[in-house]
Amino acid sequence: MNKGKLIVFSAPSGSGKTTIVRHLLEQGDLNLDFSISCTSREARTGEENGKDYYFISLDDFKKHIKNDDFLEWEEVYRDNFYGTLKAEVERIWALGKNVIFDIDVAGGLRIKRKFPDETLAVFVKPPSIDELKIRLKKRSTESEDKINMRIAKASVELATAPQFDTIIKNYDLDTAKEEAYQLVRNFVK
Ligand code: 5GP
């Protein structure tokens, strides 16, 4: 199979990476398709199975781990498993497209290590932890407890930024989107 490129976007929760990834998917010249991850977490209101995630049970997730079906997987938050199926990347490559990932920092770095030449690993940096807190609260998709868990993890994640190929500072969303577009365009052309 002809391998396309792999574009990884990783960042602490609330940094704006999902918005940036969605923007890039709308740019037809980049020839991107979104890697739909498996997760054992509950779907949020508005999320669709097979579009945002493959929502599966914890049991099924563990079966996939046992069968070595994942390219990478992480227990991103306690009892919430997330992973990329090898078959998902093959599906996108078979379409002749490049794969874009919205995954956590550990998963992103794992993909970079597995495919060093094919991967562009981008870290999206929020202005500050305080700003992250404000954004997560505004989004109000998580309980207070879960927000605190995400904030606690953010400091650890921020420390991994230098291991990525490049860092985009998301201080202004439009600027960050444009910077991301230029980076990806140079990488895939
Ligand atoms: P959320 O619950 O907000 O959708 O995602 C929580 C975190 O898990 C985010 O940082 C998201 O990017 C990450 N994530 C989503 N899919 C995957 C995956 O397949 N693998 C890994 N390692 N992380 C993922």
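Quick note: the coordinates plus some simple rules give every number you see, no bench work behind them. Just so we're clear, the structure is a prediction, and the values are computed from it rather than from any experiment. Using ideal geometry, Cβ is built from the backbone for each residue, glycine included, and neighbour counts are taken over all protein chains shown.
For the chain, set up a GNM with springs between Cα atoms under 10 Å and report which of Asn67, Asn49, Asn80 has the largest fluctuation.
Judging by the Gaussian network model, the answer is Asn67.
State the answer as a single residue: which of Ile7, Ile167, Thr84 lies farthest towards the positive end of the charge dipole of the chain, with beta carbon charges of +1 for Lys and Arg and -1 for Asp and Glu, about the Cα centre.
It is Ile167, whose Cα lies furthest towards the positive end.
How large is the helix-only mean residue ellipticity at 222 nm for the chain, computed as the sum of -39500 (n - 2.57) over DSSP H runs with n ≥ 4, divided by its residue count, in deg cm²/dmol to the nearest 500?
Helix-only estimate at 222 nm: -13000 deg cm²/dmol.
Collect residues whose amide H, placed 1.01 Å from N in the peptide plane, falls under 5 Å from the amide H of Lys169; neighbours closer than 5 in sequence don't count.
Lys125
With a cut-off of 8 Å between alpha carbons and a minimum separation of six or more residues, what is the relative contact order of region 112-189 in percent?
42
For Lys86, give me every one of the lysines with a C-alpha distance below 22 angstrom, ignoring sequence neighbours fewer than eight places off in its own chain.
Filter leaves Lys3, Lys5, Lys51, Lys62, Lys63, Lys66, Lys97, Lys112, Lys114.
Using θ = phi - 60° and the Karplus form 6.51 cos²θ - 1.76 cosθ + 1.60, what ³J(HN,Hα) does each residue of region 84-90 get, whole Hz, x for Gly and Pro?
Computed from phi, the couplings for region 84-90 are 9, 6, 4, 4, 5, 5, 5 Hz.
Can you tell me which aspartates and glutamates have their Cα less than 15 Å from the Cα of Lys189? Leave out same-chain residues fewer than eight positions away.
Once the sequence-local aspartates and glutamates are set aside, what remains near Lys189 is Asp29, Asp117, Glu118.
Just how far, in whole angstrom, is region 39-89 from region 164-184 if you go by their alpha carbon centroids?
27
Just order 162-171, 93-102 by mean Cβ neighbour count inside 10 Å, highest at the front, would you?
Ranked from most to least packed, the peptides come out as 93-102, 162-171.
Which residues' amide hydrogens lie under 5 Å from the amide hydrogen of Leu71, considering only partners 5 or more residues apart or on another chain, with H built in the peptide plane?
Residues meeting the amide H criterion: Thr84, Leu85, Lys86.
Mind jotting down the three principal axis lengths of the chain based on Cα atoms? Whole angstrom, largest first.
The Cα atoms of the chain stretch 45, 42, 30 Å along the principal axes, largest first.
Relative contact order (percent) for region 6-188, with alpha-carbon contacts under 8 angstrom and 6 or more residues of separation?
33 percent.
List the residues whose amide H sits under 5 Å from the amide H of Thr119, counting only those 5 or more places along or on another chain, with H placed 1.01 Å from N in the peptide plane.
Excluding prolines and chain starts, which carry no amide H, the hits are Leu6.
Could you list the square roots of 5 times each eigenvalue of the Cα gyration tensor of region 63-160, that is, the equivalent ellipsoid semi-axes, sorted largest first and rounded to whole Å?
Sorted largest first and rounded, they come to 28, 17, 13 Å.
If you build a Gaussian network model of the chain, linking Cα atoms that sit under 10 Å apart, which residue out of Val21, Val124, Val156 swings the most?
With Cα springs under 10 Å in the chain, the top fluctuation among Val21, Val124, Val156 is at Val156.
Between Asp79 and Asp29, take the C-beta separation as r, use R0 = 41 Å, and let me know the FRET efficiency to the nearest 0.05.
For R0 = 41 Å, the calculated efficiency reads 0.55.
Between Ala87 and Arg185, with labels modelled 7 Å along Cα→Cβ, what's the label distance in nm to one decimal, could you check?
According to this spin-label approximation, the distance is 3.7 nm.
Scan the chain and hand back the longest stretch that contains none of the GluC sites (Glu not before Pro) lying in DSSP loops with at most 13 other Cβ atoms within 10 Å.
No qualifying site falls inside 49-189, the longest such stretch.
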